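The values are calculated or read from the model by the stated rules, or taken from the named source; none is laboratory data. What you are looking at is a predicted structure, and each value in this text was computed from that prediction instead of being measured. Using ideal geometry, Cβ is built from the backbone for each residue, glycine included, and neighbour counts are taken over all protein chains shown. All accessible areas refer to the heavy atoms of the entire protein, side chains included, with ligands and DNA or RNA removed. Shrake-Rupley method; radii C 1.70, N 1.55, O 1.52, S 1.80 Å.
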Amino acid sequence: MSAAHTEAHDHHDHRPSGIMRWLTTTNHKDIGTMYLIFSLTMFFVGGIMALAIRAELFQPGLQVVNPELFNSLTTLHALIMIFGAIMPGFVGFANWLIPMMIGAPDMALPRMNNWSFWILPFAFALLLGSLFTVGGGPASGWTLYAPLSVQGGAGVDMTILSIHMMGISSVLGAINIIVTIMNMRAPGMNLMKMPLFVWTWLITAFLLIAAMPVLAGAVTMLLTDRHFGTAFFDPAGGGDPVLFQHIFWFFGHPEVYILILPAFGIISQIVPTFSRKPLFGYDSMVFATAGIAFLSFIVWAHHMFTVGMPLAGELFFMYATMLIAVPTGVKVFNWVATMWRGSITLETPMLFALAVVFLFTIGGLSGLMLAIVPADFQYHDTYFVVAHFHYVLFSGSIMAMMGATYYWLPKWTGRMYSEGLGKTHFWLTTIFFNVTFFPQHFLGLAGMPRRIPDYSVQFTEFNIISSIGAFGLGLAQLLFVYIIIQAVRGKNEKATAQVWEGADGLEWTVDSPPPYHTFETPPTVK
Amino acid sequence: MSQMFCSARSLLRIAAAATALFPLSVYAEWGLNLPPPSTSVASRILDLHNAIMIVCLIIFVIVFGVMFYSLYAHRKSRGHEAHQFSHNSKLEVVWTIIPFLILVGLAIPSTATLLYMEDTTDSDLTIKITGYQWKWQYEYLDHDISFFSNLSTPRAQIENREPKGEHYLLEVDKPMVIPSNRKVRYLITSNDVIHAWWIPKFGVKKDAIPGYINEFWANVDSPGTYRGQCAELCGKDHGFMPIVAEVLSPEDFDAWVEENKPKQVASAADMTAAGAEPAAGPAASAEDVNREWTMDELMEHGKTVYFQCIACHGPDGNGIPPHFPPLTGSEITVGPLDAHIDIVMNGKANTTMQAFKVQLSDVDIASVITYERNALGNSVGDLVQPSEIAARR
């Protein structure tokens, strides 16, 4: 019945085939797939840049890249991983899952959905194209601090334009998600019954709408400073270089939570499934997420404790930042309590979820250390910070997405992945991740600044270890691609609709793979 | 079994080969914590850091102790049945309040340390630090001493043509000199982009921002040499602008000041001429400026001064286009002498080309211009006398 049903819909849709299907599609599943493939591609592009950086840092002295290219690589690695890999990755999951989780037939604004995806390949072509301009890519770090970013060539202008395009794409995507969640829930699905992934994305979408235009403003001011004679950030014209940092981080800190809240949502789906228990403290999870989102707007200046703020400012931002530990702690405690007295099994998605809880907490605790202003004076702009944000972004966001891929891939493709390979991928990733980034804590404490292409000899050993880990980490991801391709090609064992014994939610009530259109008649939620 | 031993042995062999390839023991420091403090500020930060570390470790061990116990005991494979509870208000309140109290406990000593660090009053000496791409300038406001401090590691070491020295990338031509056991107040600003001045053992890091004057202080316990680096990305050679502080006993420091004070007492007329621009450039003796220099002398001295230009224009004058133009055959270096003198003395706006009249003496400028016109593949044949530079100041 299901096959005939799908065919009838294909006919009904007049869905074009080949490339036109993907260019013109308004289907949330197609668009979700495109976002996910785009994200994975960018993950490898950014990853190759990271490997070039680690190759240069393998030993003291300049060997692989010159300092200008090194600065471009660190800048582009960050921009690509943040805006190209993590954000589109989460939007891909949102597209696939939110309609299926709330019992909606599709996203509320399907054509806008298509457009918000198709802006991205052009934005990133522009960003990567900057590497081939005379003068090279942007080299001022992803933070684009003025006045350094005023010095660059045409590559910086291409970056600014590309950031505008990414911003438009994100804001359109966020609007779509809010409208879908607010208007298209199945009867009986009230807000406090929504799966936590939907909740975290709803809050993330509001953060996106509030934060992205701020970044757009900052880079536009940069553009006019560069070409149209304004002096927003130039003290010689009455401007203020620190103003740029305030505006940037007013975007930048909410951005940090844009990158992690959907991961919290994913963990809150996976942990209950494999503990065969409902999520502990659902209400407090929702309030904690909202609390983190609120705090994210009043802590931005903790990124700039060394700029010489007044004492009162430093104290305020220190206290506000420390407060974030409370709702974040609540989340971690809730996950642990969900496992407590459950009936736990350790399939690949659960392994990734556990690693996220464990490793993200290391990043969270080093974040608490960074909040302490006097100590931050030592940590600021060192490898300690680099280690910190890779513990929250790689072992937080990226590994949550890997777990999510293993969790929902059988639903999407109708085939199980290879559990043995999945676990191998998990252990390789986790071990090499720690080999890469744990020693960077020590490098930072010993005094190695970040963003340097060459270092004094006392830092050699830990850099060698870190570089070896990085290459292992990079190679292990080829296995990830192989596992996905294997499942997509349909050679593996068939997946049931339920897939996981303990899974709960509307997406598990439809076939695996789901028909092209799901929930044309809304289900009723009790 | 024997295979396992075999592979273990081959692993050992690989490890031995790797060790031979990278002589770890040469460098090994393996520092795991902040470096030993040499100021009261740094030692308070270290205490604070260790305290937070311990608090974090305790929380970590408790939380994950519970998690791993649960993973062990509540496994389906051990036949554990899931208990379907999902709320416990009392517990949730407790684990919201306890972390809050821990935070208050951490905030109190942090605030006290911060207040201590921010108190720059009652200092014995004030030094103004200015960041340049990519060097530092130190001005002793109480003593009328001023100089630039450049990286002194040879290019050959950076480009792996020579073995690296003990203080590779952490050595300068002229270190900042300060007295021990004296509260030194630093004023810090920048001439171009944002830099940050940091010596880990001092426990201070402050941004150098154009248009701002930030301040901080340090009181170093004991004489010695202390090293650090620029900590804020400032362009191409961000990794190549080290900071070295030479700490002397107060008596030695006084002697150093006497030795380095400007020798000649400037006449009233000179003072007026200098006006609000005190930085008239490092002094060369009047005798040197006014005598006639030969081509060979200028070329020889120019070659040493050119070291400062290498970072951007390259050792062979090839530059790194387009931001750092080549000097070989360029319009400036083979064109009219006047424009060449102008750009070296006054710099070029909105680029990293600085006004070297504040950094170099008349002799240096004359020599380097002559060198640039008659070396690096150029052979214009003209030369500049230091007196001509002096006349243009």
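Restricting to region A:129-154, what's the tally of residues that are surrounded by 19 or more Cβ atoms within 10 Å (Cβ to Cβ), in contact (Cβ under 8 Å) with a residue 24 or more places away in the chain, in a helix (DSSP H, G or I) and aliphatic (A, V, I, L, M)?
Number of matching residues: 1.
Within region A:203-243, work out how many residues are of a type outside the set (Phe, Trp, Tyr) and open to solvent by 10 Å² or more (accessible area, probe 1.4 Å).
Adding up the residues that qualify gives 25.
In this structure, is residue B:91 facing chain A (nearest Cβ under 7 Å) and either of a type outside the set (Asp, Glu) or open to solvent by 20 Å² or more (accessible area, probe 1.4 Å) (or both)?
no
Please work out which residue is farthest from the other protein chains (Cβ to nearest Cβ), limiting yourself to region B:221-238 and to residues that are without any contact (Cβ under 8 Å) to a residue 60 or more places away in the chain and over 14 Å from the mean Cα position of the chain (by Cα).
Ranking the candidates gives B:223 first.
Looking only at residues in region A:84-107 that are of a type outside the set (Gly, Ala, Ser) and in a loop (DSSP other than H, G, I, E, B), which one is surrounded by the fewest Cβ atoms within 10 Å (Cβ to Cβ)?
Selected residue: A:105.
Could you grab me the full set of residues in region B:49-81 that are facing chain A (nearest Cβ under 8 Å), open to solvent by 30 Å² or more (accessible area, probe 1.4 Å) and not hydroxyl-bearing (Ser, Thr, Tyr)?
B:53, B:59, B:60, B:66, B:75, B:76, B:80, B:81
Considering only residues that are within 7 Å of chain A (Cβ to nearest Cβ) and closer than 12 Å to residue A:446 by Cβ, which ones fall in region B:29-48?
Those that are within 7 Å of chain A (Cβ to nearest Cβ) and closer than 12 Å to residue A:446 by Cβ: B:29, B:30, B:31, B:32, B:33, B:34, B:35.
Residue under question is residue B:218, and the condition is that it be within 21 Å of residue A:311 (Cα to Cα), more than 7 Å from every other protein chain (Cβ to nearest Cβ), aliphatic (A, V, I, L, M) and surrounded by 23 or more Cβ atoms within 10 Å (Cβ to Cβ); does it hold?
The answer is yes for residue B:218.
Based on what the data block shows, is residue A:298 in a helix (DSSP H, G or I) and more than 9 Å from chain B (Cβ to nearest Cβ)?
Working: in a helix (DSSP H, G or I): no; more than 9 Å from chain B (Cβ to nearest Cβ): yes.
So residue A:298 fails the test.
In region A:344-368, which residue that is over 17 Å from residue A:393 (Cα atoms) and open to solvent by 10 Å² or more (accessible area, probe 1.4 Å) is nearest to the other protein chains (Cβ to nearest Cβ)?
A:345
Could you check, for region B:195-210, whether at least one of its residues is more than 14 Å from chain A (Cβ to nearest Cβ) and either crowded, with 22+ Cβ neighbours inside 10 Å or acidic (Asp, Glu) (or both)?
Taking every residue of region B:195-210 in turn, none turns out to be more than 14 Å from chain A (Cβ to nearest Cβ) and either crowded, with 22+ Cβ neighbours inside 10 Å or acidic (Asp, Glu) (or both).
Test of understanding: among A:286, A:332, which residue is in a helix (DSSP H, G or I) and within 7 Å of chain B (Cβ to nearest Cβ)?
None of the others qualify; the one that does is A:332.
Exactly one of (1) modelled with pLDDT under 85; (2) in a loop (DSSP other than H, G, I, E, B) is unmet by residue B:376. Its number?
Exception for residue B:376: condition (1).
Given the criteria touching a Phe, Trp or Tyr at 6+ places or on another chain (Cβ under 9 Å), away from chain A (no Cβ under 14 Å) and open to solvent by 50 Å² or more (accessible area, probe 1.4 Å), does residue B:298 qualify?
So residue B:298 does not fit the description; no.
Could you go through region A:382-397 and let me know if any residue there is closer than 24 Å to residue A:443 by Cα, at the interface with another protein chain (Cβ under 8 Å from one of its Cβ atoms) and open to solvent by less than 10 Å² (accessible area, probe 1.4 Å).
At the first step, the residues of region A:382-397 found to be closer than 24 Å to residue A:443 by Cα are A:382-397.
Among the residues that remain, those that are also at the interface with another protein chain (Cβ under 8 Å from one of its Cβ atoms) are: A:382.
Within this subset, residues satisfying the condition of being open to solvent by less than 10 Å² (accessible area, probe 1.4 Å) are A:382.
Yes, region A:382-397 contains a residue that is closer than 24 Å to residue A:443 by Cα, at the interface with another protein chain (Cβ under 8 Å from one of its Cβ atoms) and open to solvent by less than 10 Å² (accessible area, probe 1.4 Å).
If you go through region B:167-174 one residue at a time, do you hit one that is part of a strand (DSSP E or B), within 14 Å of chain A (Cβ to nearest Cβ) and more than 30 Å from residue A:137 (Cα to Cα)? So that I can check it myself, show each step before the final result.
Residues of region B:167-174 that are part of a strand (DSSP E or B), as a first pass: B:172.
Then drop every residue that is not within 14 Å of chain A (Cβ to nearest Cβ), which leaves B:172.
Add one more test, that the residue is more than 30 Å from residue A:137 (Cα to Cα), and what stays is B:172.
Looking for residues that are part of a strand (DSSP E or B), within 14 Å of chain A (Cβ to nearest Cβ) and more than 30 Å from residue A:137 (Cα to Cα), one finds at least one in region B:167-174, hence yes.
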